[in-house]
Amino acid sequence: MTEKAETYRMRPTILLVNDDGIDSIGLLVVKKELEKLGNVVIVAPSDRKSGAGKSISVHDTVKVMKAQLSDGSEAHTITGTPADAYFFASDKVLKNPPDLLVSGINLGENIGIDSVLSSGTMGAAFEAAIHGTPAISASCYATSLPSVRGDGEVSMRELKLTASITAKVAEYILENGMPEGVDVISINVPKGADPEKVKITEIYYKGYKNVYIERDDGYEMCWDFTVYPDVGPETDLYAARKEGYISITPIKVRFSHNKGALKDLLKFLSS
């Protein structure tokens, strides 16, 4: 084995997925930064899977194909979801779990509980975390969020800033491991973000209001984070939208179980 090949083999493996599809500019921008840290393997949906959450393709036949990105590099694309991408990459492409999963860069922020749970970008990160792989989700403000009506517009400045921060977080994790009690690190970069303004946040836990806008042919979902006047100051939503801070949210993938709260129910069921 040549010295170059040995060096390549010893570098960490970074799996890069997204939910905006294999042709997304966000994928290319963050790939360039991550390549400085390790061997980047891309397995991404063939088309947009926004809103897929952690869903997997239960009844559909998923196809995996080789693809070439606009920069000439090789990748794999699948007809399934972002969570599928993690499974197929680990089992079929890499044959082993990667050292790190990076999901994004998503065109549009993933802030607040509804976005966090419905986002395909977050879904891939959750899937990786459930299977013991350190995971980063990276999202960036878009002037208009991607929808069935067309691509969202996104600033290259914010994209490059998101990629830079994501790479720094990735470098830290590869060197030190995930912080104790953290399974996923969610990064959200707002419009006009200052690289020096970074805040550690928690998820905003109130759900969407009525976000379906009537069109001639039905209804379309339209995210509008300005309709939340009572946002808590420590939340991702407040940091990104009210203060203009880059939001970094540590997430533990574990539900709480207050079994004691069901003692009366158990008695009722036994009566």
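Of note:
- Counting only strands (runs of 3 or more DSSP E) that fall entirely inside region 161-271 and contain at least 1 residues that are small (G, A, S), the qualifying elements are 184-189, 218-221, 246-251.
- Residue within region 150-162 that is buried (at least 24 other Cβ atoms within 10 Å of the Cβ) and of a type outside the set (S, T, N, Q) present: yes
- With respect to (1) exposed (fewer than 11 other Cβ atoms within 10 Å of the Cβ); (2) within 18 Å of the chain's Cα centre (by Cα), the lone exception for E214 is condition (2).
- Here the condition is being modelled with pLDDT under 90 and of a type outside the set (A, V, I, L, M, F, W, C); of K206, K160, it holds for K206 alone.
- Matching residues in region 78-95 - criterion: being in contact (Cβ under 8 Å) with a residue 12 or more places away in the chain and either in a strand (DSSP E or B) or surrounded by fewer than 24 Cβ atoms within 10 Å (Cβ to Cβ) (or both): I78, T79, G80, F87, F88, S90, K92, V93, L94
- In region 176-223, residue farthest from T249 (Cα to Cα) [restricted to those that are touching a residue at least 24 places away in the same chain (Cβ under 8 Å) and hydroxyl-bearing (S, T, Y)]: Y208
- Cβ separations smaller than 9 Å between residues 6+ apart or across chains give the following pairs from region 242-259 residues that are within 11 Å of I200 (Cα to Cα) to residues that are among the basic types (K, R): Y245/K197; Y245/K199; I246/K197; I246/K199; S247/K199; I248/K199.
The values are calculated or read from the model by the stated rules, or taken from the named source; none is laboratory data. This is a predicted model, so every value here is computed, not measured. FYI the Cβ positions are ideal-geometry reconstructions off the backbone, even for glycines, and counts take in every protein chain you see.
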